[in-house]
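Every number here is computed from the coordinates shown, using simple stated rules; none is lab data. Fair warning: this is a prediction, and the values are worked out from it, not measured in the lab. No Cβ is skipped: glycine too gets one built from the backbone with ideal geometry, and neighbour counts run over all protein chains shown.
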Amino acid sequence: MNNKEKIRTWKQKKDVVILAHYYVDGAVQEIADFVGDSYALAKKASEVTQNNILFAGVSFMGESAKLLNPKKRVYMAEPSAGCPMADMVTAEQVRSMRMRHPNAAVVCYVNSSAQVKAESDVCVTSSNAVQVVQKLKEKEICFIPDSHLAHFVAQALPEKQFIYHDGYCPTHQEISLEMLQKAKREHPDAHVLSHPECAKDILEQSDYVGSTADIIRFARESEAKEYIIATETGVFHQLEKENPGKAFYPVLPLQICPDMKKITPEKVAYVLEHLEAQPQILLEEQIMERAKRPLERMLQLARA
Ligand code: 13P
Ligand code: SF4
């Protein structure tokens with residue numbers, strides 16, 4: 001049996017579904033049952049019927065899966081894969097923000113810990129943030145932790161007043177205007193597609209801004225033949241697979257999230273083979289109760 005066949009057999013025997021984010025290596029995406037952006041993965045995790053979820057992504061994604069489907073056992077392909085942006089905000093900081101802005105809604109990017117979610121009113125992902133925030137009755141919005149996504153949403157919703165946190169994604173922060181201009185000179189006909197975790201000057205120079213799934217959809221539906229992609233290069237796997245006649249260029253030679261890239265097909269296979277001995281995502285009962293509410297509210301507002 002080759003690795004792929006072994007994985008298929010173990011998945012069936014052990015009743016496991018493999019969920020993967022678009023930023024993991026293409027070889028991992030190929031062995032997953034479902035690949036998506038953070039929103040699609042959260043939705044999928046809330047609906048799966050298998051008893052075990054194996055997550056090829058970073059820790060907040062596994063926590064969200066557990067919060068949305070608490071009866072399932074959730075395992076991480078690489079338990080040490082975290083999100084540095086999620087670590088930039090603490091529950092204590094959220095409590096203090098609330099004291100200073102008692103009339104504001106606390107809107108929490110899904111890239112955050114369960115403890116931070118437990119202090120928040122609603123979660124958002126990059127694909128639904130504008131839609132969800134627009135539906136909130138509060139005029140004042142404390143948006144945590146990503147300041148770039150917060151500014152992107154604020155620009156779309158001038159009727160709201162934003163209070164910003166100073167979090168950012170180190171991978172997207174690296175994408176500089178100077179390098180984007182260089183890429184544009186090298187590929188003058190290319191459309192620029194960016195993730196809203198990029199800085200404002202990058203977004204202003206972009207033809208389209210959206211989540212990883214939105215970028216993939218845009219490239220599929222657009223007539224253009226060339227694209228400069230300002231997000232983690234894991235998305236190139238789907239972009240190139242779906243669009244054989246189109247060319248995709250990164251802004252930087254290395255646009256990678258080191259945590260997402262810790263996940264390999266070998267690690268997925270190992271966790272699957274030794275599933276019973278692997279650590280599960282476990283959260284305190286009280287945190288579970290409070291942290292699932294903003295996530296469920298997001299799913300409800302994003303669907304409506
Ligand atoms: P999306 O999956 O919403 O595109 O977000 C990207 C990201 O940084 C996930 O960590
Ligand atoms: Fe976190 Fe950035 Fe990696 Fe996404 S790409 S998981 S935001 S560090």
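For this structure, a couple of remarks:
- Rg(Cα)/(2.2 N^0.38 Å) for the stretch 157-224, N = residue count: 1.25
- Grouping the Cα pair distances of the chain into 20 Å bins from zero gives a pair-distance distribution of 34, 57, 9, 0 percent in increasing distance order.
- Helix-derived mean residue ellipticity, 222 nm - over the chain, DSSP H n ≥ 4, -39500 (n - 2.57), to 500: -12000 deg cm²/dmol
- Antiparallel DSSP beta bridges within the stretch 158-267, as percent of all bridges there, nearest 5: 0
- Computed over the Cα atoms of the stretch 69-225, the ratio of the radius of gyration to the Kirkwood radius (Rg/Rh) comes to 1.01.
- Exposure proxy ranking for 9, 90, 231, 49, based on other Cβ atoms within 10 angstrom of each Cβ and starting from the fewest, stands as 49, 9, 90, 231.
- Stretched out straight at 0.36 nm per residue, the stretch from residue 252 to residue 208 would grow longer than its current Cα-Cα span by 14.0 nm.
- Sparsely packed loop sites in the stretch 267-304 (the GluC sites (Glu not before Pro) outside DSSP H, G, I, E and B with at most 12 other Cβ atoms within 10 Å) comprise 284.
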